[in-house]
Amino acid sequence: MDGLSGTHTSPADRRRPGPIVKAAVLVLALALLVFVGIRLYAWSEQAREARVVVLVNSWNDVDHSGFTPKLRELGDGFRVDAACRKPLNELLEACREAGFDPVLTAAYRSREEQQALFEQTVEGLLGQYGGDRQAAEEAAERAVARPGASEHELGLAVDLESRDGRSEPMYQWLQENAWRYGFILRYPRGGEEITGEDYTPGHFRYVGMSAAGQIYALQITLEEYMGMFFSESAQIIFE
Ligand SMILES: [Zn+2]
């Protein structure tokens, strides 16, 4: 006869976790899952942001940028990289809400299209430079960038114009607000020596919210931003 019946628990039973322990383990596991999920999301966001912070200019070639555009249709035959399609539409919408009439005149350009545009610009400038092709090419480089040096080949740059002719106030609005959508005025007035390009009020470049916010707040160019944050040898001193 076994007198230990009823409330008796065997050693095996005692090793089984009680309901409180089980609940605690479940809560911990859930917390860990949430934490890992948040970290993964943050990393993917950072990776998304970092992907578009690419420097292309006359001495940093598209081919060496390591950037491959994921082209998406914008309508009217224009294409941009997937990262800036939505922000661009939001920027244009906000610009319209502010009372302006922006129109997109350029977005992604293939190497061939950039080549054709460059040659057409050189031809147009030849007369102005008395047939001096080298001088015309240098001027064209400052105006539209030579093939392989244009941000339009990244699909991260757009040219905007005003349909109703009120260019100045619209460009002013864009300069002050584009950063909210991840865009910067890429070739600002006074930045010609740093960017290598003439002041271009309608050329906006997508660099993501974080970089755009800092570039706007510090009133610097993308070259200076890259020098500050991405190159150990470069130093920018603000007075
Ligand atoms: Zn442009």
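Descriptive notes on the structure:
- Debye, to nearest 20: dipole size of the chain, +1 on Lys, Arg Cβ, -1 on Asp, Glu Cβ: 1780
- Rg over Rh, two decimals, the chain (C-alpha only, Kirkwood Rh): 1.30
- Converting phi to 3J(HN,Hα) with the Karplus coefficients 6.51, -1.76 and 1.60 and the offset θ = phi - 60°, segment 195-203 yields 8, x, 10, 5, 3, 10, x, x, 9 Hz in sequence order, with x at every glycine or proline.
- Each of GLY131, TYR216, CYS84 was placed along the dipole of the chain (beta-carbon charges, centred on the mean Cα), and the one lying farthest toward the positive end is CYS84.
- For segment 120-131, Karplus couplings with θ = phi - 60° (6.51, -1.76, 1.60), whole Hz, Gly/Pro x: 5, 5, 4, 4, x, 8, 3, x, 4, 10, x, x
- As a calculated quantity, the FRET efficiency between GLN128 and GLU90 at R0 = 35 Å, using C-beta atoms, amounts to about 0.35.
- Prolate/oblate/rounded call for segment 33-125, Cα gyration tensor, a/c under 1.5 rounded: oblate
- In this rough spin-label picture, where each label sits 7 Å from Cα along the Cβ direction, the LEU30-GLU161 distance is 5.9 nm.
- Within segment 158-235, the percentage of alpha carbon pairs spaced more than 15 angstrom apart rounds to 55%.
- For segment 57-66, 3J(HN,Hα) computed residue by residue from phi via the Karplus equation (6.51, -1.76, 1.60; θ = phi - 60°) reads 7, 5, 10, 10, 6, 4, 5, 9, 6, x Hz, glycine and proline entered as x.
- Per DSSP, loop chymotrypsin sites (Phe, Trp or Tyr not before Pro) in segment 41-120 with at most 12 further Cβ within 10 Å: TRP59
- When shorter helices are ignored and each DSSP H run of at least 4 residues is given -39500 (n - 2.57), the per-residue value for the chain at 222 nm works out to -15000 deg cm²/dmol.
- For segment 101-157 versus segment 163-225, the gap between their alpha-carbon centres in whole angstrom: 19
Read-outs throughout are calculated quantities, based only on the coordinates presented, and are distinct from any laboratory measurement. Since this is a predicted model, take the numbers as computed values, not measurements. Cβ sites come from the backbone with ideal geometry, for glycine too, and all protein chains shown count toward neighbours.
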